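Q: Dropping a structure here in structure tokens format, bear with me for questions.
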Amino acid sequence: MCRLFGLTAGDTRVKATFWLLDAPDSLEVQSRRNADGTGIGFFAPSGAPVLDKQPEPAFRDEAFIHAAKQAESATFVAHVRWATAGGRTAQNTHPFSMQGRIMAHNGGFGEVARLDQQLGPYGRMVLGDTDSERYFALITQQIDAHDGDVGVGITAAAQWIGVNLPVSSLNTIVATPSELWALRYPDLDALHLIERPAGASTPGAAATASPDSAGLHVRSTTSSVQAPALHSTASVVVASEQLDGESGWRMLASGELVHVRPDLTVESALVIPEPPARVVVP
């Protein structure tokens, strides 16, 4: 399974070393098993996407570790890849960027040649060999077809794949400089969400906080976060794992699309109630 992570602080830029280090099942340690690639995506002050990704395990990738420690953005997308389609190349490593957006995907689907036909000229956006990047190209196509509505584009793309192709999972996170969308579909792979108000703290955080973390250095059995600004700044996190020990995590329903706006308002809708026509259990 690919590990999938998204964080947004709305329109507030924060510095973060997040959910990647120290804990037994952090993204960094997980990459020792999911050894086909690691990546982080965020946005420069200009709004341009920045991708730092390598087709090697994160625990051997000093550039990836450094980027995670130094990254500053209002939205982040991180991913650890276990390849189901496409080789271990930088082009095949998540996240991906198209038309100013960043996307990562957890799961897989088959018969990509049929999708290539559907993509038409949007296929030229695909630089690698993965089903995931083709999925993003289809999302981009559908966003354009629906007057720039990202949520409708994600929904239409996932519906097309679910009707026409064999599917294991289409879980995805799509981000812009100040917004984030997440879809869980179907229910084979988990996707969790937590809304963290400003000043939120995890039980036991004080015992594990370092002096420079301003009270927010939280560890759990699955991961770790060190993001001092999130002590005084609200945020929303979406992840394939429950990443800290506090209450408030919830599992997205199958077919549920979440949209986090710049003011951190969370909108949720069940956009695909029916299961895929052909479900493939990995």
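Q: Quick one: Pro121 ticks every box in (1) in a helix (DSSP H, G or I); (2) open to solvent by 10 Å² or more (accessible area, probe 1.4 Å); (3) under 18 Å from Arg184 (Cα atoms) except a single one, so which number is it?
A: Of everything listed in (1) in a helix (DSSP H, G or I); (2) open to solvent by 10 Å² or more (accessible area, probe 1.4 Å); (3) under 18 Å from Arg184 (Cα atoms), Pro121 misses just condition (3).
Q: What do you reckon, is Thr176 in contact (Cβ under 8 Å) with a residue 24 or more places away in the chain and over 23 Å from Val237 (Cβ atoms)?
A: So Thr176 does not fit the description; no.
Q: Of the conditions (1) in contact with a Phe, Trp or Tyr (Cβ under 7 Å, 6 or more places away or on another chain); (2) under 29 Å from Thr12 (Cβ atoms), Thr93 clears all except one; give me its number.
A: Of (1) in contact with a Phe, Trp or Tyr (Cβ under 7 Å, 6 or more places away or on another chain); (2) under 29 Å from Thr12 (Cβ atoms), only one is false for Thr93: (1).
Q: Could you identify the single residue in Ser220, Ser169, Ser224, Ser235 that is at pLDDT below 75, of a type in the set (Gly, Ala, Ser) and out of contact with any Phe, Trp or Tyr (no Cβ under 7 Å at 6 or more places or on another chain)?
A: Just a single option satisfies the conditions, and that option is Ser220.
Q: Moving on. Failed condition for Ala158, given (1) under 19 Å from Pro282 (Cβ atoms); (2) open to solvent by 50 Å² or more (accessible area, probe 1.4 Å), with all others met?
A: Of everything listed in (1) under 19 Å from Pro282 (Cβ atoms); (2) open to solvent by 50 Å² or more (accessible area, probe 1.4 Å), Ala158 misses just condition (2).
Q: Out of everything in the stretch 114-142 that is of a type in the set (Ser, Thr, Tyr) and modelled with pLDDT of 95 or more, what residue ends up being farthest from Val174 (Cα to Cα)?
A: Looking only at the stretch 114-142, we keep the residues that are of a type in the set (Ser, Thr, Tyr), and these are 122, 130, 132, 135, 140.
Those still in the list that are modelled with pLDDT of 95 or more too: 122, 135, 140.
Numbers: Tyr122: 17, Tyr135: 11, Thr140: 10 Å.
So the residue we want is Tyr122.
Q: In the stretch 233-264, what count of residues is obtained for those that are open to solvent by 50 Å² or more (accessible area, probe 1.4 Å) and over 18 Å from Ile154 (Cβ atoms)?
A: Adding up the residues that qualify gives 7.
Q: Does Gly151 count as at pLDDT 95 or above, crowded, with 17+ Cβ neighbours inside 10 Å, out of contact with any helix residue (DSSP H, G or I) (no Cβ under 6 Å at 6 or more places or on another chain) and part of a helix (DSSP H, G or I)?
A: Criteria met by Gly151.
Q: Residues of the stretch 78-94 being surrounded by 21 or more Cβ atoms within 10 Å (Cβ to Cβ), at pLDDT 65 or above and touching a helix residue (DSSP H, G or I) at 6+ places or on another chain (Cβ under 9 Å), which ones?
A: Hits for the stretch 78-94 are Ala78, His79, Val80, Asn92, His94.
Q: Can you pull out the residues in the stretch 166-201 that are small (Gly, Ala, Ser) and open to solvent by less than 30 Å² (accessible area, probe 1.4 Å)?
A: Residues satisfying the conditions are Ser168, Ser169, Ala175, Ala182, Ala190, Ala200.
Q: Phe5 - would you say it is crowded, with 21+ Cβ neighbours inside 10 Å and modelled with pLDDT of 90 or more? Spell out the reasoning first.
A: Numbers: crowded, with 21+ Cβ neighbours inside 10 Å: yes; modelled with pLDDT of 90 or more: no.
It is false that Phe5 is crowded, with 21+ Cβ neighbours inside 10 Å and modelled with pLDDT of 90 or more.
Q: Can you say whether Val163 is open to solvent by 40 Å² or more (accessible area, probe 1.4 Å), part of a helix (DSSP H, G or I) and either in contact (Cβ under 8 Å) with a residue 60 or more places away in the chain or more than 20 Å from Glu274 (Cα to Cα) (or both), as far as the supplied structure shows?
A: yes
The values are calculated or read from the model by the stated rules, or taken from the named source; none is laboratory data. On a predicted model such as this, the values are computed, not experimentally measured, just so you know. No Cβ is skipped: glycine too gets one built from the backbone with ideal geometry, and neighbour counts run over all protein chains shown. With ligands, DNA and RNA removed, areas are computed over all heavy atoms of the protein, side chains included. Shrake-Rupley method; radii C 1.70, N 1.55, O 1.52, S 1.80 Å.
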